Each structure stands twice: as C-alpha cells, then as structure tokens.
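Step one of this worksheet: look at the structure below.
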Amino acid sequence: MIRKTPIRTSLLISLLTFLFAVALVSLPLPALHGQEKKAADPWPSSETMQPAVLSKMLTDKYTSVPTVVFVGFRSLYVGGHVPDASFHGSASTEQGLAELKAWATSLPRSTELVIYCGCCPMDKCPNLRPAYTTLSGMGFKKLRVLVLPTSFAADWADKGYPMQKGI
C-alpha cells in the first residue's frame, strides 16, 4: 500500500514555496527599478533659483546681487564656487550648521539669500535640507535654493557660468 502522506507533504511544501516566490516577486522594490524615494524638499518650488538666472544676476550691472552661500564641503568650495559665495561650514555636520547659524544671526531677515551645494545629485544632497531648514527657521523671508540637479560641475561649471577658485 502506497502512503499518501509524503506526497501531500511534498505538494504542500511545493505550494508554499510557490506562493512565497510569488509574494516576493510582487513586492515593490523601487531601488531595483531606479525609483528610490527621493528625500522630501522642505522648500517650495517658488523658493528655488535656476543657475541661468543667478548667472545673469552676477553679470548684470543693473541687478542687485543676492548673498550667495555655499553649504557643502570645503574642498569643493576651494575647487570652484559661485563668485563671491561665502562658506560657513558644511551643513551636514553639527559644527557646520552652528557656523552657518552664527554667521546668519547678524543678518537682517530681509536679506536675499541663495544657498547651494552641488556635491552630488540634489535629491541626495546631505547639506541643502539642513541649511534651508535652519535658515528658514531663523526667519529669512527671501531664502532660495540654487537648483543644481546633477552637481555644481555639470549644472554650473560645464555650462560656462562664472566661477571663482580658492578661498
């Protein structure tokens, strides 16, 4: 007489394995599909500035130029930055944020500020969001973020916009 129990057990294991595989395949895996969730931007689009606009402001003798602040890593600032941009620490560190805040404390809250980094793709930047959140929280009403989607090199330097090197 043939026992039916091992066959049933084998079928049950096969069915469970199949269902588990189907469940795994149907789970959304955005990172594998290039759709990883981007970090939320704390700024509205109305508080952004395109590189061409800032470049024109820097070269137009009739336009008032905003105060430009680089909030990324010092080595990148030294390698090349927006002309007359200041550096007050990397906003991804506590020390850098403290330096930025100390510098900004004495500024009138009506100062037109443009912050930028450009160390990496903007949606992954570790510096922009903390800098924006800090300065916005301090009450700056004319705060903007320079839109550099890929990097400072690709979205500013390679387009021939004005640059300064060194400190």
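Quick one: Tyr161, Tyr62, fewest Cβ neighbours within 10 Å first, how do they rank?
Tyr62, Tyr161
I want the local charge near Leu143. Using Cβ-Cβ distances under 10 Å, sum +1 for each Lys or Arg and -1 for each Asp or Glu among the other residues.
Spelling it out: positives minus negatives among the neighbours equals +2.
Among Cys120, Val65, Phe152, which residue has its Cα furthest toward the positive end of the charge dipole of segment 45-159, with +1 on Lys/Arg Cβ and -1 on Asp/Glu Cβ?
My answer, from the dipole projection, is Val65.
Filter the cross-link list Lys101/Lys141; Lys101/Lys124; Lys101/Lys159; Lys61/Lys141 down to pairs whose alpha-carbon distance in this structure exceeds 27 Å.
Check vs 27 Å cut-off fails for Lys101/Lys159.
Stretch Ala52-Thr105 to full length: gain in nm at 0.36 nm per residue minus the Cα-Cα span? Write down the numbers at each step before the final one.
Details: separation 53, 0.36 × 53 = 19.08 nm, distance 2.92 nm.
So the chain would gain 16.2 nm between Ala52 and Thr105.
At a 10 angstrom cut-off on C-beta neighbours, averaged per residue, how do the peptides 115-123, 88-96, 149-157 rank from highest to lowest?
Output ranking for 115-123, 88-96, 149-157: 115-123, 88-96, 149-157.
Just so you know, all these numbers are worked out from the coordinates, no wet-lab data involved. Because the structure is predicted, anything quoted here is derived from the model rather than measured. Cβ atoms come from the backbone with ideal geometry, glycine included; neighbour counts cover every protein chain shown.
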